[in-house]
1. Using 0.36 nm per residue, how much length does the chain from GLU343 to ARG432 gain when fully extended, once their Cα-Cα distance is taken away?
2. Can you tell which of ILE211, LEU194, ASN183 lies farthest toward the positive end of the dipole of region 165-220, using +1 and -1 charges on the Cβ of basic and acidic side chains (Lys, Arg; Asp, Glu)?
3. Need one value: the accessible area of MET106 in square angstrom, 1.4 angstrom probe, rounded to the nearest 10.
4. Hey, can you find the accessible area per residue of region 327-451 for me, probe 1.4 Å, expressed in square angstrom?
5. Roughly what would the spin-label model give for LEU188 and VAL86, points 7 Å off Cα along C-beta, in nm?
6. What is the projected area of the convex hull of the Cα atoms of region 121-220, averaged over all directions, in nm²?
7. Looking at region 409-446, which GluC sites (Glu not before Pro) are in a loop (DSSP not H, G, I, E or B) and have at most 11 other Cβ atoms within 10 Å?
8. For PHE51 and ASP445, FRET efficiency with R0 = 60 Å and r from the beta-carbon atoms, rounded to 0.05?
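The values are calculated or read from the model by the stated rules, or taken from the named source; none is laboratory data. What you see is a predicted model, and the numbers here were worked out from it, not measured in a lab. Heads up, the Cβs are rebuilt from the backbone with ideal geometry, glycines too, and the neighbour counts pull from every protein chain shown. Ligands, DNA and RNA are stripped out before the accessible areas are found, and what is left, the full protein with its side chains, is counted by its heavy atoms. Shrake-Rupley method; radii C 1.70, N 1.55, O 1.52, S 1.80 Å.
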Amino acid sequence: MASFLNSVRYILRGGPPEAGLPDRIRDDIRAREASSEHLIGWVQLGIVLFFSTLYAIAPRAEGSAGFNFVPYALAAYFLFTVMRLVLSYRFELPQWYLLISILVDMSLLVGLIFSFHIQYGQHPTFYLKTPTLMYVFIFIGLRALRFDPRFVLTTGLVAVTGWLGLVFYAVFADMDHMRVTRNYVEYLTGNTILIGAELDKTMVILAVTIILSVALYRGRSMLFEATKDHAAAMDLRRFFAPEVAASITGADTELQAGEGSQRDAAILYADIRSFTSTSATLAPETVLAVLAEYQNLAVEVIVEEGGRVDKFLGDGILATFGAVHPSETYAADALRAANRLIECAEQAQDRFQSAGWPEQLRIGTAVSAGPVTVGVIGSKRRLEFTVIGDAVNRAAKLEDANKIQQSKALTDRTTFELARAQGYDIPLLEARPGEEVVGMRAPVDLVVLAR
């Protein structure tokens, strides 16, 4: 019994519950449904204009001497459709209004079919043979555009109810003369009723409605999951470079630790001087505000120069050039980014102080180029997309060497010459050959990019 009640609730709410979904996911789903209502309105308007045009250019049917309801019905439906379309753009249409819209659609169709025996002066059985009944599938199909099976099911049930009403009226309209027959030829050529034929029409409407509703019930579950996955993928793009996010979400197989490839790339490290000691004297929200200002500035510079931020290391930034996306100018781009970072940070002191930094915000950067491995590391439970290699370690050690060298930006001679070959045209500021760098076995030929 409990399982049956759960199934009924599932049907009545139109698919999986929205409980447990974040507000932004529910808002996204509602926005998609509102967009569907716009589409339904435009399709309805196109349909009524199409049939109005056909009616206007088609010759009048023979024998239609009675009152013609068609132009009035089309005019009324045109006005209702325009009003519905306008309202759908002004606010989200409530469910009760959508149900009224379904009733209007079906009432118009049923009323139009009913009017034919009046217009042509025939017994009500006359309208049971009209092909206008086929339009009911247009209205049922229209509701499928919203991707909510409740409205398809409602439309189909209302259509069946309306058609059965027409059939019963035709059967009992003239009790003095039996109009029911079992002769198919007599049914086709006279004003008689073949119960089997009307049941066939009813069953077809019901079958199409149920099949389409079941498909939409399953599709709505997929819509919820797809919306959540889409939101997750968009969030992923905020945590990773676009190319990295695309490689994760578009992978043919599940990513595993140990997968990767080797590329020539440049690594840039950037770090705020005396950040730990200064931030210890500030409120947490102030520290985060300053970091946000600095990181927004740094990321903008790095991306503009063709780099991608690999990770934020507290107040430090690890960026790659040519690792995620192959580049022919990775070293030159990295050196330009290092120079621009220093310049932009000096020009943005007002922003940092407005955010609450009590002194001049000073940064240090370093760049090193060489082969790196780009890929996935971690365990089955926790993966990370990163770069590994000697260039990564060397860039970190060079950045630390800025403090001893009294510089703001450093690189090694090999990286500098590679950048020059790739189009880096900023003149050499200062070369310091054979310098000892903590953590490196042999002396390094340093090149100062900024002091």
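1. On the way: separation 89, 0.36 × 89 = 32.04 nm, distance 2.20 nm.
29.8 nm is the gain from fully extending GLU343 to ARG432.
2. Among ILE211, LEU194, ASN183, the one farthest towards the positive end of the dipole of region 165-220 is ILE211.
3. 10
4. Details: 6300 Å² over 125 residues.
Averaged over the residues of region 327-451, the accessible area is 50 Å².
5. 4.9
6. Numbers: hull surface 26.2 nm².
For the Cα atoms of region 121-220, the hull's average projected area reads 6.6 nm².
7. On the way: sites: GLU417, GLU430, GLU435, GLU436; in loops: GLU436.
Taking region 409-446 and a limit of 11 other Cβ atoms within 10 Å, the loop GluC sites (Glu not before Pro) found are GLU436.
8. On the way: r = 82 Å, r/R0 = 1.37.
Calculated transfer efficiency: 0.15.
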